[in-house]
1. Take the Cα atoms of segment 301-414, build their convex hull, and give its volume per residue in Å³.
2. Of the candidates 285, 70, 374, which one comes out as most mobile in a Gaussian network treatment of the chain with C-alpha springs shorter than 10 Å?
3. When the scattering of the chain is computed by the Debye formula from its Cα atoms alone, each counted once and equally, what is log10 I(q)/I(0) at q = 0.14 Å⁻¹?
4. Note down the relative contact order for the chain as a percent, whole number, built from C-alpha pairs under 8 angstrom at least six residues apart.
5. Using DSSP to define loop residues, name the trypsin sites (Lys or Arg not before Pro) in segment 10-46 whose beta-carbon has at most 11 other beta-carbon atoms within 10 Å.
6. Just check segment 177-300 against the gyration tensor rule for me: Cα atoms, a ≥ b ≥ c as the square roots of the eigenvalues, rounded for a/c under 1.5, and otherwise prolate or oblate depending on whether a/b exceeds b/c.
7. Which of the GluC sites (Glu not before Pro) across segment 262-333 are loop residues per DSSP, with 10 or fewer other Cβ within 10 Å?
8. Looking only at 223, 387, 185, which one moves most when the chain is put into a Gaussian network model with springs between Cα atoms under 10 Å?
Amino acid sequence: MNAPNSFRAQPDERGHFGPYGGRYVSETLMPLILDLEREYRAAKQDPAFAAQFGDLLEHYVGRPSPLYYAERLTDTLRDSAPDGQDGEKRGAQVWFKRDELNHTGAHKINNCIGQILLAIRMGKTRIIAETGAGQHGVATATVCARFGLPCVIYMGAKDVERQQPNVFRMKLLGAEVRAVESGARTLKDAMNEALRDWVANVHDTFYIIGTAAGPHPYPELVRDFQSVIGREARAQLLDRTGRLPDLLVAAIGGGSNAIGLFHPFLDDVDVKMLGVEAAGEGLEAKHAASLAGGFPGVLHGNKTYLLQDDDGQIAEAHSISAGLDYPGIGPEHAWLKDGGRVEYTAVTDREALDAFQLLCRTEGIIPALEPSHAIAAVARIAKDMPRDAIIVANLCGRGDKDIFTVAEALGVQI
Ligand SMILES: Cc1ncc(COP(=O)(O)O)c(C=O)c1O
C-alpha cells in the first residue's frame, strides 16, 4: 500500500485499500479472479488495448462528454443564498460533467467497453451481469450485441417492476433478463445470483461487474475504466477556466461514477470531494447509506462498510433510486473516508425528488434519480461558497428510465 500522502494509490498485491477490499471468494472462483488480474495487468501494458478502448469510447460511446456550466441553476441557487459575514454575495458556480449524454444514457458503458474487451482477450464466450437501475444491464447488453456474445442479466424482481423501460431495452438488445425473487429483490440479490451463475459456469463465462466493488481486481479495474470521467473533466475545466475545481460531487451506489470522477484529482490537495449516499426515508429509517449507517464486514467478495445487524446479517437497503439501493460501497471509498480525503454525506428520497425537478426546470435536463442525489447535495452546499468557487458534479445518468417512479412519487397519473 502506498503511503496515505498519495491517495491515488493502487491496492496492495492482495487487493487491499488499507483494511478494505481483498478477494473473499470461493475456491472455484479463485483461479478465475487470478486469471482476470493477470489479463488486466497485460492489457494495461498493451497499447493496442488502450487504442481499441479509446477508439470505442470516442466513436461508439460519444466521448468526451461535455463539461457544462449550469448558469440558470447557479443563478437560482444564488437567489436563495444568504450574504456572507461581510455582506459578500455568495453561491458557487455549478458545472456538470455530462455523462448522461453517453450512448445508453449513463456512465456504465465506459466500464462495459473495458470489461468486454478483457472478456474477449480471455477467450470467454458468455457474459453475465447484475443490474439495479438497469443502466448497467443495458450497457452490458449493448456491448454484448456489439461484439456478438450471449448475455444473461440478473435483476431483482422489485427493480424489474420499477425499471420497465430498461428491462425492455435489454430484451431488445438480445439479452436474457432473469428476475431474482430472493431477499429484498434488489441489487444485492441480483449480485448474489450472478456470483452463483459464475461459480457454476467458470469455464466459459465472464462476469461484467457494474460498480467499483466485488473481489479484487474489480474495484481497481472498474475505477480505471471510469477514470476517463475525471481525466476529461480535469482537462476540460483547465482549458475553459485555467483552474481546477474547488469541489467535486458525485452520487454513490457502489461508487463507480464517483471514484471515476475523483481519482484523477486525488493528489490535488486543494480539490475537495463529496460522495453522496442515499438516505432514503431518513438515516433513522430505511436508507442505503452504508458509510453513514454501516460498519465494516464482508459482502460480494470484498471487505467494506455494510448495512448489517450485530450478527453480520446484511440489512435491506432502501432508496427511491434503484441504482443507489445497495447495502455496501466500493472498498476504495471506505478507505478514502477513513483517511479523510473524501467527505461523504447523504440525501433523502424527498430531497432527490426536489433536485430532480429543479434541474428539469432550470436547465432543461431530466436527470436520473441517482445524480439527483448529487444535485441535492450541490444545492445544499453551493449557497455557502463564494461566487468564484467552482463545483463540478457528475451528471452520471439521464432520467428517461425514472419518469414512472417520479410520477408515482409525485402522485401524478401518466
Ligand atoms: C445513472 C446511475 N448513476 C449512478 C449509479 C450508481 O452506481 P455507481 O455508484 O457505481 O456509479 C447507477 C447504478 O445503477 C446508475 O444507473
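The values are calculated or read from the model by the stated rules, or taken from the named source; none is laboratory data. Note that the coordinates shown come from a computational prediction; the quantities given were computed from them, not determined experimentally. In this analysis, Cβ positions are derived from the backbone assuming ideal geometry, glycine residues included, and neighbour counts consider all displayed protein chains. When the accessible area is computed, the model is the full protein with side chains, heavy atoms only, and any ligands, DNA or RNA have been set aside. Shrake-Rupley method; radii C 1.70, N 1.55, O 1.52, S 1.80 Å.
1. Numbers: hull volume 16.8 nm³, N = 114.
In segment 301-414, the Cα hull volume divided by residue count equals 147 Å³.
2. Answer for the Gaussian network model of the chain: 285.
3. -1.27
4. On the way: 915 pairs, mean separation 86.4, N = 414.
RCO, the chain: 21 percent.
5. Values: sites: 14, 23, 38, 41, 44; in loops: 14, 23.
When the trypsin sites (Lys or Arg not before Pro) of segment 10-46 are filtered for loop state and at most 11 Cβ neighbours within 10 Å, 14 remain.
6. Numbers: a/c = 2.74, a/b = 1.53, b/c = 1.79.
Because a/c hits 1.5 or more and a/b fails to exceed b/c, segment 177-300 counts as oblate.
7. Numbers: sites: 277, 281, 284, 316, 332; in loops: 281, 284, 316.
Answer in residue order: 284.
8. Result: 387 has the largest fluctuation of those listed.
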